[in-house]
Every structure is written in structure tokens, then in C-alpha cells.
Amino acid sequence: MTENRVSVQLKGLRKVYGDAVALENFNLELAPGELVALLGPSGCGKTTALRILAGLDTDHEGQIIINGKDIASVPANKRNMGMVFQAYSLFPTMTVQENVAYGLRVRKVDREKRRAKAQELLELVGLGSMGNRLAHQLSGGQQQRVALARALAIQPNVLLLDEPLSALDAQVRTQLRDEIKRIQTEVGTTTLFVTHDQEEAMAIADRVGVMRHGVLEQCAPPQEVYLNPTNVKVAKFVGAMNLLPAEIVSSTELRVFGHKIALRASDAGVPSSKTGMALVRPEQLSLKLGDGKGPASATVVSRTFLGPLTRISARMISDSSTLFISMPSAQALQFVEGSTVDVDIHATSVLLDA
């Protein structure tokens, strides 16, 4: 099953609600067939960007370009966008198949053709045998699959997903997240996915766009956003982060726990002070049993078992600050609560919160 793949460009978008700026100089490109996730807290502007692309919000500045054509003046019902929201919004008096075929019926597609298309989409989302049921007879996860099938039935140029999984429980959310990625890859529709869930964005997207206060701070593949955040704001928002006291040796180097580490460039420029706080991921730290006399000694406060990994919380003896260390669970067994440990750092480069 292959759809037409289109490119999307959002250029210089600006949106203001009263005195509040929802988007400021927002620029984003989606390649044909790409899935981009906009990630950020509530109020950061991610849903505003999606609504502008959909044509649901027209009072804005900037361009919306699909395959090289500016559609900013095209009404929402002419943009051929498929949308899936957090609320399933299914028609309760229609069968599942009728719900999926609704957009085709509005477009006056022949009855047999729309029935065949609806069945094809239900097979794609794993509900091929449920076409005759009513929506209320389905679970929440199944209803969201129907909503996805309905959005895809019209063969949209762009698929828009606004927090589609947040109303589901954790296990169903993970399963459906993987299904959405599989279906999107198979169908090939250019997709914008909005979420506040970091794990969700990292798992599903070809690229993740991190937003803050209406500004797109970084848009890159998930591993790049996590391992090479473009600035301190992105680094603090994405994933857990330790702030470790650092001595600034030069404009390109600092010292943490006695180790010299490269200072990664950021939007903060060259540090002007002699000290700062290095941003270090939990998996970039390790522990060994110690006597409490080392330069980076700590006491284990707690262990959290997370399957193959264990998260350890440790309190530094020098300043009572708390660190988080992630390590394989088999290695973590020796570090019981109350153990005295020495902390080591394995990062090759870090950002500095000066």
C-alpha cells in the first residue's frame, strides 16, 4: 500500500494569543514519507504548529508549503490532511467500518469502493474482523486504531497526530506506538506527531523537534537529540541529567572529578567564569566500592530496578548533592543502600551550565 509522498515546509510561523507568543519564527521541514515528532511541555506551541498546518488556525504569520506550493490561504477542508486526536471522536451510532469509510462517503466515493477501502485499512490496523461492531464495543486502544484507519482512508497528503496515545494505559500505549510506526512506514504518509512523552517521541520518530516557549530548539534524529543536544535547554529537557561541579580549564576543556573533559560548544558561547556545572547523563557515570576518602565519594541512597538496567541514587559526601547512575542490573547488585562508593565519569565531552 503506497500513498503519494509530499514534502512539508513551515516557514517563519508566528502566532500570538493576546499577549502570549505561541510560536516565534518557527521553521520546520518534513521530507516525503518522514515522521517528525514535536516534543515539549504543555504550552510550548507544538499543537499550535500542528493546527496551523491543518488549517484549523489561520490567524498567523508565515508560509505553509506542500510540495513547493504555499497553501496558507487554502481552507482546512481542501488541504487533504488526516487527523488523529487524543479523543477518538468516533461516531457512536456507526459501525467501525462506517466510521473508517466516513471521509470517503463525504467525498462521494462509490459505496463498494469505500467498503473495500475501509476493510483494507481495518486489516492494516489489525481490526479486520471487527468492522460490524459499534465503537463503544471496542477498547480504547482499538478505538484509536479505528481513528487512525479513518484518517488514512482518505489517502491524506499529510497525517497529523495530536497526543493520540496519552489517554491510554502504559502497555497499550507502547503497543499502539509501535503499530503507528509500522503502519506509517508501510503507508509512507508524511507525518507530524505531537507529544509531551519523551520515550514516545524517541521511539516513533525519524526526527524529534524539541520545543520550548514557542521556539524550535533542535530538530534531529532521536539519538542525536539525546547524545548531542544543541544547547543546555535541550539537554536538561530530554532524558535525565546530572549537574556536576566543574572547573573550567580553558575555552575547550574542563575538569570534573579530577578528569579533563572536552567542553562541547553551545549557544552559551565561551564561559567567562572559572567554574560551572557540567551536564552528565546517568549512564556516563559508574561506581566502585570505596572508603569515603576519594575526591568523588558518595553514599548509595536507593536502587530502582528497571529490568536490564538499575537506576542508583547516591549522595555526594562532599556537598550532599544527589547523583543518578544507570548501570546493568547485574553490576548494580553489589551497591546496596548505605554503601560507600567512588563515582567515576566516562563522558568524552559535555555541555556546561555556567
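The values are calculated or read from the model by the stated rules, or taken from the named source; none is laboratory data. All figures in this text were calculated on a predicted structure; none of them were measured in a lab. Cβ atoms come from the backbone with ideal geometry, glycine included; neighbour counts cover every protein chain shown.
What the table below lists for this structure:
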| read-out | value |
| --- | --- |
| Pair list, Cβ under 7 Å, 6 or more apart: region 23-40 residue under 16 Å from E217 (Cβ atoms), other residue part of a strand (DSSP E or B) and among the charged types (D, E, K, R) | L23/R14; L23/K15; E24/R14; N25/R14; N27/K11; V36/R207; G40/R212 |
| Tally, over region 329-354, of residues that are closer than 10 Å to V300 by Cα, among the hydroxyl-bearing types (S, T, Y) and in a strand (DSSP E or B) | 1 |
| Only listed residue being part of a strand (DSSP E or B) and in contact with a strand residue (DSSP E or B) (Cβ under 6 Å, 6 or more places away or on another chain), chosen from L38, L50 | L38 |
| Set K274, K288, K293: member being among the basic types (K, R), surrounded by fewer than 14 Cβ atoms within 10 Å (Cβ to Cβ) and within 26 Å of T230 (Cβ to Cβ) | K274 |
| Spans of helices (runs of 4 or more DSSP H) in region 166-255 with at least 2 residues of a type in the set (V, I, T) and within 23 Å of P282 (Cβ to Cβ) | 232-237 |
| Residue in region 175-187 that is modelled with pLDDT under 95, in contact with a Ser or Thr (Cβ under 8 Å, 6 or more places away or on another chain), closer than 27 Å to Y17 by Cα and assigned by TED's automatic domain parsing to the domain that holds G45 present | no |
| Lone unmet requirement of (1) over 17 Å from V194 (Cα atoms); (2) surrounded by fewer than 19 Cβ atoms within 10 Å (Cβ to Cβ) for R150 | (2) |
| Test: N27 is among the polar types (S, T, N, Q), buried (at least 18 other Cβ atoms within 10 Å of the Cβ) and in the same structural domain as V187 (by TED's automatic domain parsing) | no |
| Subset of region 302-336 (residues that are among the β-branched types (V, I, T) and either surrounded by 15 or more Cβ atoms within 10 Å (Cβ to Cβ) or outside the structural domain of R264 (by TED's automatic domain parsing) (or both)) | T310, I312, I317, I325 |
| Number of the exception - F257 against (1) aromatic (F, W, Y); (2) within 24 Å of E24 (Cα to Cα); (3) outside the structural domain of K117 (by TED's automatic domain parsing) | (2) |
| Subset of region 96-136 that is outside any loop (DSSP other than H, G, I, E, B) and of a type in the set (D, E) - its residue that is nearest to the chain's Cα centre (by Cα) | E123 |
